[in-house]
Amino acid sequence: MKTKSAIVLALVALSLAVSGCNTTAGVGRDVNSAGKAITNTAEDAKH
């Protein structure tokens, strides 16, 4: 019974870790997009 609980706990932890990575990647893409928008706006303002 302890082994089964340990396996379930490990699977839950793995699921949370994977979803956390996806969330972090999404935030990275959002920040990257915002940075590009700011860069483009600054370039347009120079001209």
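Quick note: the coordinates plus some simple rules give every number you see, no bench work behind them. All values reported here derive from a predicted model rather than from experimental measurement.
Does anyone have the angle between helix 2-46 and the longest principal axis of the chain? Alpha-carbon axes, 0 to 90°, nearest 10?
Taking Cα atoms only, the helix is inclined about 0 degrees.
Have a look at the chain and give its Rg and Dmax from the Cα atoms, expressed in angstrom.
Cα-based Rg and Dmax for the chain come out at 20.5, 70 Å.
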